[in-house]
Structures are given as structure tokens and as C-alpha cells.
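Bear in mind these aren't lab numbers, they're just calculated from the coordinates by the rules spelled out. Note that this is a predicted model, so its numbers are computed, not measured. In this analysis, Cβ positions are derived from the backbone assuming ideal geometry, glycine residues included, and neighbour counts consider all displayed protein chains.
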Amino acid sequence: MGLQNHSNALNDIVDKLSDESSYKQLFHAYRDEEALPSSEVLKDIVNLCRAVLFPGYYGNARVSKQTIRFHTGVNIKTLYTLLTQQIYAGLCFANLNDETCEKDHTQMTAEGLSEAFISTLPDMRCFLATDAEAAFNGDPAAKSTNEVIFCYPGFRAICNYRIAHQLYILGVPFIPRIITEMAHSETGIDIHPGAQIGHYFSIDHGTGTVIGETSVIGDHVRIFQGVSLAGEKLLPDKNGNTIRNISRHPILDDYVTVYSNATLIGRIHIGKGATICGNVWVTNDVPAGANISQTRTDTGRSMEKSIQ
């Protein structure tokens with residue numbers, strides 16, 4: 001094929017890709033040079049949060065009790081500036097129905113949301129301290145809470161979730177999901193920022209764990225790798241559209257343990273202190289203190305779920 005023929009073929013492809021009918025649902029038109037939220041900047045924001053929440057583990061390793069207020073102040077100021085910029089970008093991106101993003105009002109909103117988020121950091125640290133303690137107490141292989149905070153993927157994913165959840169409940173668009181997806185990419189643990197999770201939460205190993213949007217998890221809950229807290233599949237509405245904003249994921253009471261590769265599906269209630277053993281599929285409520293496991297009655301017969 002000659003050079004001219006190559007050129008014609010490429011021009012034909014360009015024409016097809018430039019046809020509005022092909023990109024109609026996939027195109028974002030920038031307004032007034034507004035930027036989209038930046039995943040790279042959001043990584044910096046998460047790292048700043050970690051540096052504030054866990055001084056000495058992240059950020060400036062030379063921080064001491066004498067200099068901690070200075071380092072915290074610098075980090076908080078930088079966090080406020082970067083987070084305000086990213087929230088502003090997210091608000092403009094979410095406001096697709098208007099031709100312009102009203103700059104002054106949106107900037108004030110972004111500043112208020114950034115300040116509101118930063119005000120939650122002391123309480124977030126308290127939550128994460130209980131999560132680190134739960135991971136250490138639940139894993140005999142852990143040598144210290146230091147190891148949990150610095151090394152454990154489950155704890156890193158929970159940290160991202162705690163950050164994202166606060167932004168989510170403040171109504172910040174897009175950014176919470178980006179932050180939890182960062183942890184998903186890094187650890188293989190997928191926690192939706194809308195999930196509600198109590199104190200002393202731990203995820204052991206964690207790879208392949210999924211916690212859906214409307215999941216509710218109490219205190220002192222421990223789950224393992226491959227666990228799915230999955231949403232019930234709902235029929236479409238009368239117009240054929242997907243039904244949204246419905247509570248469709250499991251509720252786990254306090255002191256529940258869910259072992260590896262168990263799937264809990266739908267708006268079911270797992271009672272206080274129940275144990276869900278590995279590789280089971282649970283679609284009904286489980287009473288408090290129950291043990292859901294698999295038994296094999298004889299060789300070659302299928303596994304059956306039982307309550308012991």
C-alpha cells in the first residue's frame with residue numbers, strides 16, 4: 001500500500017473518530033480552561049493526610065515532639081490549598097448542566113468543604129487508631145502496630161476509605177471515589193466511600209475484598225481476603241432504567257467475622273458475633289452468634305451450607 005493510500009486510510013479513521021455520533025456520550029467540553037480533578041494531586045492529598053494522621057510514618061521522617069506542631073501546620077496549610085483546588089475542579093465537572101461554573105460561589109463552596117473536611121481529621125485519627133489496634137490484635141504475625149500502620153495493605157485501604165468517606169458525606173463529587181480506587185489499584189481492596197464502617201475494623205490480607213456502597217459495618221468487625229459484601233441485583237424501573245439510591249448491601253453487626261471468599265449478597269442482616277466461614281454464599285439473615293459454614297457429608301457430594 002502506497003503512502004497516499006495509508007494517508008487516506010488514516011484520514012478515514014480520523015473522520016470516524018471525530019463524528020459527534022461516536023463520541024457523544026464520551027466527550028467532556030472544558031469551560032474557561034477548567035481542569036478536571038487530578039489523580040496525581042489527589043495522591044499528594046492522601047499522602048498529606050497520612051502525614052498529619054500518622055506523624056513520623058509518612059511525610060517528614062525527622063518530625064519530633066518539639067517540631068510536630070510546625071510540621072502539622074505546614075501540612076494542613078498545603079492540604080487546604082490543594083484540596084480546595086481539587087474540590088473546585090470536581091464541583092465544576094459535576095455541574096455539567098450549566099454553560100459556566102460560577103467562579104466566586106464555587107470557590108467559596110470549595111473552601112468551606114475543604115475546611116469542613118480538615119476539621120474531621122482529629123476524629124478520623126481516633127477511628128484509625130482503633131483500626132490499627134484491631135489489625136494488630138487479630139493477627140499473630142504482626143509484631144507491632146507500627147508494622148500495621150506502615151506495611152499492611154488492609155490498613156492502607158481503610159485509611160483511604162476513612163478519608164474518602166468524610167468527603168463523601170460532605171457531598172464532594174468524584175474525589176471520594178477516585179481516592180478509594182487508588183487504594184483498590186494499590187491493594188486489591190475495593191471499598192466504596194459510601195459504606196458505613198464502625199470502630200476497630202480490620203481486613204486481613206484483603207486481596208479481592210469488595211465492600212459495596214450501602215454496606216453497614218458495626219464495631220470490631222474482621223473480614224478476610226476475597227470477601228464480597230455485594231449488592232442485590234434489582235429489576236429496572238418501568239422505563240427500563242437502573243434503580244439507584246436503594247439500600248441493597250449487607251448489614252454486619254458488631255463482632256462479626258467473615259472468612260475468605262465468602263459472599264454476602266443483598267440487604268441481609270448478620271447478627272452480633274456471628275461467624276461466616278470461607279467459601280459460602282449467604283443471601284438470608286443470620287442470627288446473632290451463629291456460625292455459617294460448609295460441611296461435606298461424603299466424598300463427591302456437593303458442599304452444603306449449615307448453621308451450627
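A cut-off of 5 Å between modelled amide H atoms, ignoring neighbours fewer than 5 places along the same chain, links I189 with G208.
Here the contact order of the chain, divided by its residue count and restricted to Cα pairs under 8 Å and six or more residues apart, works out to 9 percent.
Give the percent of DSSP beta bridges with both residues in the chain that are antiparallel, rounded to the nearest 5. Provide the component values of the computation, followed by the final result.
On the way: 4 of 30 bridges.
So the antiparallel bridges amount to about 15 percent of the total.
Sorting the segments 263-269, 237-243, 7-13 by their mean number of nearby beta carbons within 10 angstrom, highest to lowest, gives 263-269, 7-13, 237-243.
Looking at P287, I191, P122, which one has the Cα that reaches farthest to the positive end of the dipole of the chain (charges on Cβ: Lys, Arg +1; Asp, Glu -1)? Farthest towards the positive end: P287. Working note: Karplus 6.51/-1.76/1.60 with θ = phi - 60° gives region 181-196 the couplings 5, 4, 5, 4, 5, 7, 10, x, 10, 10, 10, 5, x, x, 4, 10 Hz, where Gly and Pro are set to x. Going from the fewest other Cβ atoms within 10 Å to the most, the residues L91, L113 appear in the order L113, L91. Rg/Rh for region 195-308 (Cα atoms only, Rh after Kirkwood) is 1.02. Based on Cα contacts under 8 Å between residues 6+ apart, region 31-188 shows a relative contact order of 25 percent. Peptide packing for 69-81, 185-197 was compared via the average number of neighbouring C-beta atoms within 10 Å per residue; ordered from the highest value, the list is 185-197, 69-81.
Using only side-chain charges placed at the Cβ, +1 for Lys and Arg and -1 for Asp and Glu, the dipole size of the chain relative to its Cα centre rounds to 940 debye.
What is the distance in Å between the Cα centroid of region 255-298 and that of region 52-81? When both Cα centres are located, 42 Å separates them. Karplus-derived 3J(HN,Hα) values for region 115-129, using 6.51 cos²θ - 1.76 cosθ + 1.60 with θ = phi - 60°, are 5, 5, 5, 4, 5, 8, 4, x, 5, 5, 4, 4, 4, 5, 4 Hz; glycine and proline are entered as x.
Across the chain, Cα-Cα pairs farther apart than 32 Å form 41% of the total.
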